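Working notes for the structure below.
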Amino acid sequence: MSAPHTGRIVLASTSPSRLSILRSAGIEPIVEPSDVDEDAAAAELTEPSPEEFVQHLAQAKARAVSWRREKENTATASDVIIGGDSMLLLDGELQGKPYTVEETVHRWQAQRGKVAHLVTGHCVMYRGEVVTEAATTAVHFGDVSDADIRAYAETNEPLLCAGAFTLEAMGGWFIDKIEGDPSSVIGLSLPVVRRSMEHFGLRVSDFWNL
């Protein structure tokens, strides 16, 4: 039997949702912000598909953390860096974070009663090699009243969330159904991350914080 892997998971994100997914799945990652200029990264692409777009941003985040760790001499060869990016595809257009209460209200008035697709890009880096993959999950939004939309927006919970909603918290009241991987809607697809790590010959169980 091979020896357990001694590296750590490095999450190239300060997203509370992505952190909670890994923690609930038995992993306590090192959290490092990517500080990526997403607009500049997006400008590097020409007419990308939604999947290509989020994968590109996820890779930009993972690489930024990798480069900084190398520069600061904090890099460890056995560590695994995970970057992620999510956007909502609604009526053929990608929707990112709303940032303000009024934009959240506007988004929800446009998406209530509809089916949209949450597209989450992943980049897993190990020893300089990268694996990228996107996961797409259909989200059925409830036909929510204006009063509930306003109340939800004013909690500030969805302001920094792709698609202006959460599945695991108060936003869950207003999601009628999802079709696909629930963890990808929250921010990281555990099956995608597992497959990416298996590509490198790694077992996720070796990283569990038991």
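The numbers here are math on the coordinates, done by the rules we state, and not lab data. A quick note: this is a predicted structure, and the numbers were derived from the prediction, not measured. For neighbour counting, all protein chains shown are included, and Cβ atoms are generated from backbone atoms with ideal geometry for every residue, glycine included.
The residues of segment 55-84 that are of a type in the set (Asp, Glu) and either more than 18 Å from Met197 (Cα to Cα) or part of a helix (DSSP H, G or I) (or both), listed by number, are Glu70, Glu72. For segment 47-54, indicate whether the set of residues that are in a loop (DSSP other than H, G, I, E, B) and in contact with a His (Cβ under 7 Å, 6 or more places away or on another chain) is non-empty. Yes, segment 47-54 contains a residue that is in a loop (DSSP other than H, G, I, E, B) and in contact with a His (Cβ under 7 Å, 6 or more places away or on another chain). Looking across segment 81-101, just one residue is under 16 Å from the mean Cα position of the chain (by Cα) and farther than 26 Å from Pro191 by Cα, and that is Pro98. You will find that of Leu159, Leu167, Leu190, the residue that is surrounded by 14 or more Cβ atoms within 10 Å (Cβ to Cβ), free of Cβ contacts under 8 Å to residues at least 60 places away in the same chain and of a type outside the set (Ser, Thr, Tyr) is Leu167 and no other. The set of residues in segment 6-27 that are in a loop (DSSP other than H, G, I, E, B) and out of contact with any strand residue (DSSP E or B) (no Cβ under 8 Å at 6 or more places or on another chain) comprises Thr6, Ala25, Gly26. Taking segment 38-93 as the range and being of a type in the set (S, T, N, Q) and farther than 30 Å from Arg112 by Cα as the test, the residues that pass are Thr46, Gln59, Ser66, Asn73, Thr74, Thr76, Ser78.
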